[in-house]
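Please read the structure below before turning to the comments.
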Amino acid sequence: MRSWTIDRVTSETEVHLTLEVDGCGRASVNTGIGFLDHMLTLFAHHGLFDLTVEAKGDLHVDAHHTVEDVAICLGQALDRALGDRAGIVRTAHSYVPMDEALGLVVVDLGGRPYAVIDVTWRTTALGGLDPDLVRHFLEPAAFHGRLNLHARVLYGRNDHHQAEALFKALGRALDAATQIDPRRQGAPSTKGMLV
């Protein structure tokens with residue numbers, strides 16, 4: 001089974017996260033940030049990942065440190081659960097509509113971290129969360145997951161719908177990219193190794 005548990009304790013946060021890549025979409029998420037819990041539950045459900053997150057952070061300051069550290073843990077757990085990534089499909093994309101919003105996420109699990117996030121927010125808060133923290137979640141998740149991530153909202157008016165489309169699309173794209181292709185032997189690269 002491709003799974004990993006990360007425990008991260010700093011002076012700002014305490015995060016315990018377990019990710020099972022070959023799951024069935026079960027999620028138990030408690031970060032103290034309701035909107036982030038909702039997005040991570042959507043990510044797990046639509047990606048068919050089993051995800052457990054318990055996080056405590058300095059929310060009296062703001063949500064930034066908690067969002068960032070949960071993202072770091074999710075990326076690290078994905079990277080370690082995939083091991084040498086031999087035999088995986090590697091690249092995938094997903095379009096997901098959410099009412100008037102359409103999100104696109106494209107991933108490459110080739111080991112080269114990069115993130116391009118293209119979304120325009122219209123409000124200053126999503127359930128009390130600064131919408132720019134959605135972008136800030138995706139960037140460290142990509143970096144620590146050693147994946148190339150392009151996420152874009154093609155159009156939309158409602159910020160909740162835009163964020164939801166992105167997290168659902170992220171789950172679906174990662175599910176497709178992490179699948180094992182029985183035809184592939186070894187690293188999914190013409191170099192014979194990743195990175």
Discussion item. As an exercise: evaluate Ala125 against (1) among the small types (Gly, Ala, Ser); (2) free of Cβ contacts under 8 Å to residues at least 24 places away in the same chain; (3) under 23 Å from Ile6 (Cα atoms) and give the number of the one condition it does not meet.
Written reply: (3)
Item to complete: Keeping to the stretch 143-165, report how many residues are touching a helix residue (DSSP H, G or I) at 6+ places or on another chain (Cβ under 7 Å) and among the aliphatic types (A, V, I, L, M).
Response: 4
Worksheet item: Which ones in the stretch 39-89 are part of a loop (DSSP other than H, G, I, E, B) and more than 18 Å from Val134 (Cβ to Cβ)?
Response: Leu48, Phe49, Asp58, His60, Val61, Gly83, Asp84, Arg85, Ala86, Gly87, Val89
Worksheet item: Being within 14 Å of Ile117 (Cα to Cα), at pLDDT 95 or above and surrounded by 13 or more Cβ atoms within 10 Å (Cβ to Cβ), is that true of even one residue in the stretch 177-193?
Response: no
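Let's see how each residue does on (1) in contact with a Phe, Trp or Tyr (Cβ under 7 Å, 6 or more places away or on another chain); (2) touching a residue at least 40 places away in the same chain (Cβ under 8 Å); (3) surrounded by fewer than 18 Cβ atoms within 10 Å (Cβ to Cβ); (4) over 29 Å from Asp181 (Cα atoms):
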| position | (1), (2), (3), (4) |
| --- | --- |
| Ser3 | no, yes, yes, no |
| Ile6 | no, yes, no, no |
| Val15 | no, yes, no, yes |
| Cys24 | no, no, yes, no |
| Asn30 | no, no, yes, yes |
| Asp58 | no, yes, yes, yes |
Worksheet item: Is it fair to say Arg26 is closer than 23 Å to Arg146 by Cα and charged (D, E, K, R)?
Response: no
Worksheet, complete the sentence: Per the list (1) free of Cβ contacts under 8 Å to residues at least 24 places away in the same chain; (2) loosely packed, with under 15 Cβ neighbours inside 10 Å, residue check on Arg157 breaks on (1)
Worksheet entry | Subset of the stretch 6-41 (residues that are closer than 14 Å to Glu68 by Cα and among the basic types (Lys, Arg)) | Arg8
Worksheet, complete the sentence: Within the stretch 20-38, the count of residues that are within 13 Å of the chain's Cα centre (by Cα) and in a loop (DSSP other than H, G, I, E, B) comes to 1
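The values are calculated or read from the model by the stated rules, or taken from the named source; none is laboratory data. All values derive from a computational prediction rather than experimental measurement. In this analysis, Cβ positions are derived from the backbone assuming ideal geometry, glycine residues included, and neighbour counts consider all displayed protein chains.
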